[in-house]
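Single-structure report; data block below.
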Amino acid sequence: MDNSNVLNIPNDRFELLYSLAEISEINEDYKRMEIRLLNILTDDSTYKNKALSKALLNTVVSNKKDCFEKFFELYRGNNYFSLKAYSKLSDYYYSIQDYDKAFNFCALNVITSITKIQEVISSRDIIFEFKNIENLLYHVQYYDDIIKWGNDNEIWSSFNLLAKITKELGNIDFTEKLLKVLAQFSPEEYWRKEAVLQLSYLSAE
């Protein structure tokens, strides 16, 4: 199987907008960057699904005991060309402390990434089935191309960012559970260490 074809999502029509958004970011013109990234999402059915966005947020802010498990089991997205836009927008909104918007894009990034990872692993391992986020990330370690794809698309960092955002939204239990998973199973050592550091800050508060 040509692994690059499985993981690389054709998005030629968006390359110009991504390039222009990058130029805006370099020039520190963040409002123009925001506009160009949002333009990429014009035809994104996952982003336009407001019921999904509301459900994602409600799942986290409900603070119910099973909200962590539900978040990773129930929700999926498949507009893979949007991943970099989700990532850039969640970083931007987090930096300006707009945590609701940051959560929306970070959550879309995470559930879409999970969908793609699950899809690829299932295509290679016929007995694999999604059990929980821990099990999924555990399996990622056996696929170098998935790890590289995650690095190239800022996927692993988005999981750590989700932990920071859910803390700001007041669900400390969700944050702690996610950080414990990432400290053990994040595919990149840097983000495992960063999760451990976040946990130490959380314990000190």
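Collect the residues in the range 63-75 that are without any contact (Cβ under 8 Å) to a residue 40 or more places away in the chain and surrounded by 13 or more Cβ atoms within 10 Å (Cβ to Cβ), keeping them in residue-number order.
Passing the criteria: LYS64, LYS70, TYR75.
Show the residue pairs meeting these rules: Cβ distance below 9 Å; 6+ apart or different chains; first residue within the range 189-205 and within 16 Å of PHE174 (Cβ to Cβ); second residue open to solvent by 100 Å² or more (accessible area, probe 1.4 Å).
Final answer for the pair search is ALA195/LYS180; ALA195/GLN184; LEU199/LYS180.
Out of the residues in the range 162-205 that are assigned to a helix (DSSP H, G or I) and of a type in the set (Asp, Glu), state the one that is least open to solvent (accessible area, probe 1.4 Å). Please lay out each step first, then the result.
Residues of the range 162-205 that are assigned to a helix (DSSP H, G or I), as a first pass: 162-168, 172-185, 189-204.
If we keep only those that are of a type in the set (Asp, Glu) too, we end up with 168, 173, 176, 189, 194.
Working: GLU168: 84, ASP173: 74, GLU176: 70, GLU189: 100, GLU194: 32 Å².
Going through the qualifying residues, I end up with GLU194.
State the number of residues belonging to the range 76-99 that are surrounded by fewer than 22 Cβ atoms within 10 Å (Cβ to Cβ) and over 26 Å from ILE23 (Cα atoms).
Counting residues in the range 76-99 that are surrounded by fewer than 22 Cβ atoms within 10 Å (Cβ to Cβ) and over 26 Å from ILE23 (Cα atoms) gives 2.
I'm trying to understand the selection: among the residues of the range 29-43, which are in a helix (DSSP H, G or I), touching a residue at least 40 places away in the same chain (Cβ under 8 Å) and open to solvent by less than 70 Å² (accessible area, probe 1.4 Å)? Steps first, please.
First, pick out the residues of the range 29-43 that are in a helix (DSSP H, G or I): 30-40.
Those left that are additionally touching a residue at least 40 places away in the same chain (Cβ under 8 Å): 30, 33-34, 37-38, 40.
If the condition is that a residue be in a helix (DSSP H, G or I), touching a residue at least 40 places away in the same chain (Cβ under 8 Å) and open to solvent by less than 70 Å² (accessible area, probe 1.4 Å), then MET33, GLU34, LEU37, LEU38, ILE40 are the ones that fit.
Just give me the residues in the range 152-161 being out of contact with any Phe, Trp or Tyr (no Cβ under 7 Å at 6 or more places or on another chain), surrounded by fewer than 24 Cβ atoms within 10 Å (Cβ to Cβ) and at pLDDT 95 or above, in sequence order.
If the condition is that a residue be out of contact with any Phe, Trp or Tyr (no Cβ under 7 Å at 6 or more places or on another chain), surrounded by fewer than 24 Cβ atoms within 10 Å (Cβ to Cβ) and at pLDDT 95 or above, then no residue fits.
If you scan the range 100-151, which residues turn out to be in contact with a His (Cβ under 8 Å, 6 or more places away or on another chain) and open to solvent by less than 10 Å² (accessible area, probe 1.4 Å)?
Hit for the range 100-151 is ILE121, nothing else.
Based on this model, can you work out whether SER186 counts as polar (S, T, N, Q) and without any contact (Cβ under 8 Å) to a residue 60 or more places away in the chain?
The answer is yes for SER186.
So which of ILE133, ILE147 ends up being hydrophobic (A, V, I, L, M, F, W, C), touching a residue at least 60 places away in the same chain (Cβ under 8 Å) and touching a helix residue (DSSP H, G or I) at 6+ places or on another chain (Cβ under 7 Å)?
Only one candidate qualifies: ILE133.
The values are calculated or read from the model by the stated rules, or taken from the named source; none is laboratory data. Quick caveat: nothing in here was measured; it's all calculated off a predicted structure. As a convention, Cβ positions derive from the backbone with ideal geometry for all residues, glycine included, and neighbour counts pool all protein chains shown. These accessible areas exclude ligands, DNA and RNA; they are computed on the full protein's heavy atoms, side chains included. Shrake-Rupley method; radii C 1.70, N 1.55, O 1.52, S 1.80 Å.
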